[in-house]
Amino acid sequence: MLQRNSIALAAITAVLLCCGQAPGKAPKPAQTPEKDADGWVSIFDGKSFDGWKVSTENPKTFTVKDGAIVANGPRAHLFYAGKVAGHNFKDFELKIDVMTKPGSNGGVYFHTKYQTSGWPGKGFEVQVNNTHKDPKKSGGLYGVQDVFKAPAKDGEWFTEHIIVRGKQITVKVDGKTLVEFTEPTHAKPPRGMGGRFLSSGTFALQGHDPKSTVFYKNIRVKVLDGKKEGFTPLFDGKTLKGWKGRQSLWKVEDGAICGQTSTDFKLKHNDFLYTEKEYENFELTLSYKLGNGNSGVQIRSIVHDDFRITGYQADIAEKRYTGILYDEGRRGIIADVKPAEVSKFIKKGWNDYRIVCKGNEITLWINGQQTISYTEKKASIPSKGVIAFQLHRGPPMTVYFKDIRIKELPADGGN
């Protein structure tokens with residue numbers, strides 16, 4: 001009897017070693033992986049589940065075979081629980097190689113946390129699905145910004161690249177950008193997805209159903225530091241240091257730059273608050289709130305007497321013009337939008353603008369939705385200038401700007 005029990009115990013131990021851990025128990029201790037020269041760290045050793053923890057409802061859904069994690073079986077999720085960043089990631093890049101069999105569904109979660117059963121209630125899912133009946137395909141931010149055309153084929157490895165910086169989520173498949181999403185301030189998650197907020201957390205791989213087989217390998221992560229990534233604040237949240245403008249019209253209020261006109265002072269022309277420094281190639285992110293009227297974010301603009309500005313403007317307005325590219329004091333509207341489409345993702349209150357200038361290309365996003373991609377063809381138009389905020393002449397108005405950050409890009413407009 002003792003010999004039989006010993007054999008049984010050995011068999012159970014072998015199974016647990018194969019799976020890397022006992023279902024629902026703490027992961028097997030592992031050494032903290034080292035970063036490579038570019039800051040990437042591998043979080044899957046290709047042999048075991050060291051540093052991973054599987055949900056308890058169907059732990060046999062996950063196995064390791066030929067250097068890959070295989071998900072095949074009833075619903076289950078495999079959570080990273082290792083030492084890298086204390087398995088709590090905020091701003092990061094994640095790359096993972098994925099392959100699907102025909103009709104298969106899976107997913108990669110981030111900013112999530114371990115749970116014993118059910119679909120993860122916290123965090124976001126990047127879809128893995130090329131031919132499954134679910135219309136939401138690989139590379140989409142599930143239920144938030146979906147992709148409906150499969151970017152890859154079953155039976156072939158493809159790479160999902162997830163980047164999270166602050167409020168911004170980017171998803172690429174094999175180097176092609178499929179999602180650019182900015183979480184609006186005071187955002188409401190999609191219906192039935194109460195935990196879909198950017199915060200911090202771990203990663204999880206999904207086993208979707210018994211008919212789905214998905215392979216995951218080469219899982220590597222790079223922890224991002226905003227300062228190291230080149231983003232710097234243009235506003236300290238307390239003063240207008242680094243900015244120039246008419247003191248009677250611009251002030252700091254509750255951590256935001258506030259521009260306001262009144263009936264006591266009629267503007268002779270549009271008025272601006274502008275940076276002391278000029279910028280050429282850059283990525284600019286900020287949040288704005290328009291009380292009423294018309295405003296905008298000037299880029300690569302020229303300063304004139306009496307706080308006047310000419311140059312490109314990412315427009316902000318109550319109705320018609322939000323999201324267009326306007327050429328203040330020169331050519332007027334140079335890239336237009338469909339107002340009915342843009343109005344669908346404009347929020348009451350705070351909205352997020354993202355502006356990228358690379359060489360002669362200018363691209364605008366509001367709340368993660370691209371509104372304009374413009375190529376400047378006139379060599380005479382200046383490619384360098386100040387960043388500025390507008391107060392429009394006319395009836396009294398109020399506008400706010402905050403969380404203003406910029407990342408300067410190389411002279412050739414590269415990353």
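The values are calculated or read from the model by the stated rules, or taken from the named source; none is laboratory data. Nothing here was measured: the structure is a model prediction, and the numbers come from that model. So basically every Cβ, Gly included, is an ideal-geometry build from the backbone, and we count neighbours across all protein chains shown.
Could we say that ALA335 is in contact with a strand residue (DSSP E or B) (Cβ under 9 Å, 6 or more places away or on another chain) and among the small types (Gly, Ala, Ser) here? The answer is yes for ALA335. Hey, does segment 58-80 have a residue that's of a type in the set (S, T, N, Q), in the same structural domain as LYS35 (by TED's automatic domain parsing) and out of contact with any strand residue (DSSP E or B) (no Cβ under 6 Å at 6 or more places or on another chain)? Within segment 58-80, not a single residue is of a type in the set (S, T, N, Q), in the same structural domain as LYS35 (by TED's automatic domain parsing) and out of contact with any strand residue (DSSP E or B) (no Cβ under 6 Å at 6 or more places or on another chain). Reported count of residues in segment 323-353, each being surrounded by 12 or more Cβ atoms within 10 Å (Cβ to Cβ) and part of a strand (DSSP E or B), is 11. Scanning segment 377-394 for residues that are surrounded by fewer than 19 Cβ atoms within 10 Å (Cβ to Cβ) and either closer than 24 Å to ILE163 by Cβ or at pLDDT 90 or above (or both) yields LYS377, LYS378, ALA379, SER380, ILE381, PRO382, SER383, LYS384. Go through segment 253-279 and report how many residues are modelled with pLDDT of 90 or more and out of contact with any strand residue (DSSP E or B) (no Cβ under 7 Å at 6 or more places or on another chain). Total satisfying the criteria: 2.
Does VAL214 satisfy the condition of being buried (at least 17 other Cβ atoms within 10 Å of the Cβ) and modelled with pLDDT of 95 or more? Yes: the conditions hold for VAL214. Listed here are the strands (runs of 3 or more DSSP E) enclosed by segment 279-322 that have at least 3 residues being within 19 Å of PRO382 (Cα to Cα) and β-branched (Val, Ile, Thr): 294-304. Is there a residue being more than 13 Å from the chain's Cα centre (by Cα), under 24 Å from LYS53 (Cα atoms), surrounded by fewer than 18 Cβ atoms within 10 Å (Cβ to Cβ) and of a type outside the set (Phe, Trp, Tyr) anywhere in segment 130-145? Within segment 130-145, none of the residues are more than 13 Å from the chain's Cα centre (by Cα), under 24 Å from LYS53 (Cα atoms), surrounded by fewer than 18 Cβ atoms within 10 Å (Cβ to Cβ) and of a type outside the set (Phe, Trp, Tyr). Name the pairs whose Cβ atoms lie under 7 Å apart, with the first residue in segment 339-362 and under 25 Å from GLU408 (Cα atoms), the second among the basic types (Lys, Arg) and assigned to a strand (DSSP E or B), and 6 or more positions between them or separate chains? Every condition considered, the pairs that remain are TRP350/LYS289; CYS357/ARG300.
Looking at segment 253-263, is at least one residue among the charged types (D, E, K, R), closer than 22 Å to ASP403 by Cα and crowded, with 19+ Cβ neighbours inside 10 Å?
Narrowing segment 253-263 to residues among the charged types (D, E, K, R): 253-254.
Right, trim to closer than 22 Å to ASP403 by Cα and you get 253-254.
Going one step further and asking which of them are crowded, with 19+ Cβ neighbours inside 10 Å, we end up with none.
No; the residues of segment 253-263 include none that is among the charged types (D, E, K, R), closer than 22 Å to ASP403 by Cα and crowded, with 19+ Cβ neighbours inside 10 Å.
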